[in-house]
Amino acid sequence: MKKSFCLMICLAAGAVSAQNAKNEFDCLIEARQQVDVRASAEGVIEAVLVRRGDKVKKGDLLAKLSSGPELATVNLARSRSTMEGEIKAAEARVDLSKKKWERADELARRKFVSENAKDEAEAELRLANEQLRALQESRLLAELELKRAEEVLLQRSIRSPVNGVVVALLLKPGELASSNQKDPILKLMEIDPLNVELVLPLSHYGKIKRGQRARVMPEQPIGGTYPAEVEVVDPTMDGASGTFGVRLRLVNPGNRIPAGVKCRVQF
């Protein structure tokens, strides 16, 4: 009786193991994306502020282009946009012209001066107002020109578009960088989160859904088991092999898992 019971337990355990083996598939852990970082403007590289292997965050300064003329343009535009002398003088002329017109209007109503003198005072006030408005419009244009010059200057600073790791430095200080150049300044890899790519047999189509949970087991020496989530299920299949592709999203805090590692996945 005891032998029969033990045999039943062993057979059940074997069946569970076989079922788990059927639900495990080979996979490959890949970087979320590789980014070629280029300059949006042409210029000579003044400094590269990172090294291969450095971790960077989105917005971190990676490199700088020489920016002497652009900085001078910003300073000039800022000076023009903050000049107050001409506007203050024009405002004073408006105030004076307004007072002259008010006096002329009062005297004209009392018949102490002619209507012509009143008209001249009114015309002088209008001219002063127009001169003030023209200067205010020039001030606004100067402020817009400052913003434009600042945007041009910002293009001389190359910042990281993603959280990632520097995997290659291709250009050095003193070399020319531009948006249409063959080699980027450097390359980044985003490895948090990671992509887990696998190919499943046609028999599993419809069983794997977006949002479904899975366990990813990287090969040694990484090892361990990590939770992942189905992110993409290809809507097309490979007719020759009878398979379809699936991508999982694997959160990788602290960049513990490197990209390029083989793995097994279990749903």
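The residues on offer are A72, A21, and the sole one that is under 30 Å from A228 (Cβ atoms) and either modelled with pLDDT under 95 or in the same structural domain as L140 (by TED's automatic domain parsing) (or both) is A21.
The single condition among (1) part of a loop (DSSP other than H, G, I, E, B); (2) of a type in the set (D, E, K, R); (3) in contact (Cβ under 8 Å) with a residue 60 or more places away in the chain that D183 does not satisfy is (3).
If you check R103, R80, which single one turns out to be touching a residue at least 60 places away in the same chain (Cβ under 8 Å) and farther than 30 Å from N255 by Cβ?
Details: R103 fails: touching a residue at least 60 places away in the same chain (Cβ under 8 Å).
Answer to the selection: R80.
The requirement of being in contact (Cβ under 8 Å) with a residue 60 or more places away in the chain, closer than 30 Å to E150 by Cβ and of a type in the set (S, T, N, Q) is fulfilled nowhere in the range 112-131; no residue meets it. All of (1) surrounded by 15 or more Cβ atoms within 10 Å (Cβ to Cβ); (2) more than 30 Å from V165 (Cα to Cα) hold for N75 with one exception: (1). When K111 is tested against (1) part of a helix (DSSP H, G or I); (2) surrounded by fewer than 13 Cβ atoms within 10 Å (Cβ to Cβ), just one condition goes unmet, and that condition is (1). Listed by position, the strands (runs of 3 or more DSSP E) contained in the range 190-267 that have at least 3 residues being of a type in the set (S, T, Y) form an empty set. With respect to the stated conditions, A39 is within 18 Å of S160 (Cα to Cα) and either modelled with pLDDT under 95 or surrounded by fewer than 16 Cβ atoms within 10 Å (Cβ to Cβ) (or both).
Summed over the range 156-173, residues that are surrounded by 17 or more Cβ atoms within 10 Å (Cβ to Cβ) and polar (S, T, N, Q) total 2.
The values are calculated or read from the model by the stated rules, or taken from the named source; none is laboratory data. Just so it is clear, the structure is predicted and the values come from calculations on it, not from any experiment. So basically every Cβ, Gly included, is an ideal-geometry build from the backbone, and we count neighbours across all protein chains shown.
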